[in-house]
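Peer 1: Sending over a structure as structure tokens; questions will come in a sec.
The values are calculated or read from the model by the stated rules, or taken from the named source; none is laboratory data. Computed from a prediction, not measured in an experiment: that's the story for all the values here. So basically every Cβ, Gly included, is an ideal-geometry build from the backbone, and we count neighbours across all protein chains shown.
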Amino acid sequence: MNYRKIWENYNNMKLPSSLEIHHIDGNHDNNDPKNLMAVTIEEHYKIHEKQNDYGACQAILLRMSEYNIDKISELARKSQKKLWKKGNHNFQKIDKKRRSEISRAIGYKTKENKVGIHAINANPILAKENARNAGLAAKKKKAGFLDTNSEHHGSKAVKNSIWWTDVFGNRKRSINCPGNNWKKGMKQ
């Protein structure tokens with residue numbers, strides 16, 4: 001939150017905790033005091049909503065004390081669709097730590113409210129249909145596991161490897177034994 005201190009020093013006043021800093025040009029690395037604007041969380045959300053910056057809206061909404069899980073899901077869909085069209089996706093511009101925080105918060109809320117993938121996984125019929133549809137979409141696009149030329153294709157990751165299991169029931173796929181207390185096979 002270095003930019004908060006920069007704003008405070010430039011404006012010669014303490015920034016109330018109820019206010020956030022908005023980067024006017026959208027560049028979070030540009031901490032020029034003239035690029036920093038103090039706003040309420042609601043104002044911050046509205047600014048990014050007008051800009052169709054769905055990812056920022058989603059992150060801001062998660063910081064709000066009251067929010068609607070359906071709205072978060074809608075923003076996530078819009079954000080990923082927009083990134084997909086530009087050739088980017090999956091929060092590539094966010095550092096690993098922040099991406100993890102956002103994913104964890106969303107995951108807990110969707111699990112708690114049994115929405116999204118958690119609702120699907122709770123229903124065996126929906127889970128099977130979802131997997132089938134994902135497979136058909138990947139096949140149509142020749143993407144993911146079906147792209148045999150990809151260095152990430154599953155056959156390259158598992159070639160010559162076997163399952164290993166430890167005494168606690170943990171499983172790991174590897175060419176070599178991961179260490180003591182591991183035995184070949186799916187069960188110990």
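Peer 1: Taking only the range 1-22 into account, find how many residues are under 22 Å from ARG63 (Cα atoms) and either surrounded by fewer than 16 Cβ atoms within 10 Å (Cβ to Cβ) or without any contact (Cβ under 8 Å) to a residue 12 or more places away in the chain (or both).
Peer 2: 8
Peer 1: Name the one entry in GLU101, GLU151, GLU129 that is at pLDDT 75 or above and farther than 30 Å from HIS48 by Cβ.
Peer 2: So the residue among GLU101, GLU151, GLU129 that is at pLDDT 75 or above and farther than 30 Å from HIS48 by Cβ is GLU129.
Peer 1: Out of LYS71, LYS111, report the one residue that is at pLDDT below 80, part of a helix (DSSP H, G or I) and farther than 23 Å from GLU20 by Cα.
Peer 2: Just one listed residue meets the conditions, LYS111.
Peer 1: Something else about it: Given the structure, is HIS48 under 16 Å from SER18 (Cβ atoms) and either at pLDDT below 80 or within 21 Å of the chain's Cα centre (by Cα) (or both)?
Peer 2: So HIS48 fails the test.
Peer 1: Please work out if ILE60 is in the same structural domain as THR110 (by TED's automatic domain parsing), within 27 Å of ASN113 (Cα to Cα), β-branched (Val, Ile, Thr) and at pLDDT 75 or above.
Peer 2: Spelling it out, ILE60 is indeed in the same structural domain as THR110 (by TED's automatic domain parsing), within 27 Å of ASN113 (Cα to Cα), β-branched (Val, Ile, Thr) and at pLDDT 75 or above.
Peer 1: Also, quick follow-up: Being touching a strand residue (DSSP E or B) at 6+ places or on another chain (Cβ under 9 Å), part of a helix (DSSP H, G or I) and either buried (at least 18 other Cβ atoms within 10 Å of the Cβ) or of a type in the set (A, V, I, L, M) (or both) is the requirement here; does HIS44 meet it?
Peer 2: Yes.
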